[in-house]
1. Is at least one residue of segment 45-56 part of a strand (DSSP E or B) and either aliphatic (A, V, I, L, M) or in contact with a Lys or Arg (Cβ under 7 Å, 6 or more places away or on another chain) (or both)?
2. Could you count how many residues in segment 12-38 are of a type in the set (Asp, Glu) and open to solvent by 80 Å² or more (accessible area, probe 1.4 Å)?
3. I'd like to verify a number: residues in segment 45-56 that are farther than 21 Å from Lys16 by Cα and open to solvent by 50 Å² or more (accessible area, probe 1.4 Å), how many?
4. Here's a check for you: in segment 58-90, which residue that is assigned to a helix (DSSP H, G or I) and of a type in the set (Ser, Thr, Tyr) is most open to solvent (accessible area, probe 1.4 Å)?
5. Consider segment 40-90. How many of its residues are under 26 Å from Asn26 (Cα atoms), hydroxyl-bearing (Ser, Thr, Tyr) and free of Cβ contacts under 8 Å to residues at least 12 places away in the same chain?
Amino acid sequence: MEEMKHCQSCGMPLTKEEEIGTNKDNSKNTDYCVYCFKDGEFTDNSTMDEMIEISLKHMKEAGILEQQGMTESEAREFMYKFFPELKRWK
């Protein structure tokens, strides 16, 4: 079974072709999602802490925390362990 790829900036699962980031030449950059990396550049200059809070906000709004049975505090704790392993934050 193939391991799920995640954006190496925000941790979002990369499951759809249209969510994959792009390089300057418009080719796909499979390390990042289009929300974090577009036209060969990061879309913002967030710190890791800021990115965790942004990701947490999106997860809450999309109902992902509820679906996964996680509290906001548990999700934040998980992200503080997971994000340092992502390419952008190493």
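The values are calculated or read from the model by the stated rules, or taken from the named source; none is laboratory data. Here the structure is a predicted model, which means the values were calculated and not measured. With ideal geometry, Cβ positions are generated from the backbone for all residues, glycine too; neighbour counts draw on all protein chains shown. These area figures cover heavy atoms from the full protein model, side chains too; ligands, DNA and RNA do not enter into them. Shrake-Rupley method; radii C 1.70, N 1.55, O 1.52, S 1.80 Å.
1. no
2. Of the residues in segment 12-38, 3 are of a type in the set (Asp, Glu) and open to solvent by 80 Å² or more (accessible area, probe 1.4 Å).
3. Here the count works out to 5.
4. Only one residue fits best here, namely Tyr80.
5. 3
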